[in-house]
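Read-outs: derived from the displayed coordinates by stated rules, not from any lab. Being a predicted model, the structure only gives us computed values, none of them experimental. No Cβ is skipped: glycine too gets one built from the backbone with ideal geometry, and neighbour counts run over all protein chains shown.
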Amino acid sequence: MHPLPLFVRVPTRSMLSAIALGCALATSPSAWATGSDIERERLAVIENELVRLKSLVAQAHASAPTGQRVRFHYDWLLADLELIQKGINDHMDAPRQPRPVPALRGDYRQ
């Protein structure tokens, strides 16, 4: 059996870079996601951050000094954050139009 030529056995750096880039793009969600999917993904991230933020606000409220002349209204801030979170959840839970699916060929023999 004959050995393979050197250019077949040893991939070039640019070839490896192209393969790595192709794999990275193929596995990233944005490679196959539609604009609607990307929006929903980002809104979910924002919603998760709001949950964390509400926890931080509750901690700040618990450690706030009492008896001061001017105080921060943590309850108002929490109400606003909950309103924003509700708006995001309402948008994400809204029914979506089904995407058109191309018909399968079905016959794979010649």
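Pairs please, first residue from segment 66-91 and under 16 Å from Arg52 (Cβ atoms) and in contact (Cβ under 8 Å) with a residue 40 or more places away in the chain, second anywhere and among the acidic types (Asp, Glu) and in a helix (DSSP H, G or I), Cβ atoms under 6 Å, 6+ apart in sequence or on different chains.
Ile88/Glu47
Can you pull out every residue in segment 43-78 that is over 28 Å from His91 (Cα atoms) and assigned to a helix (DSSP H, G or I)?
Gln59, Ala60, His61, Ala62
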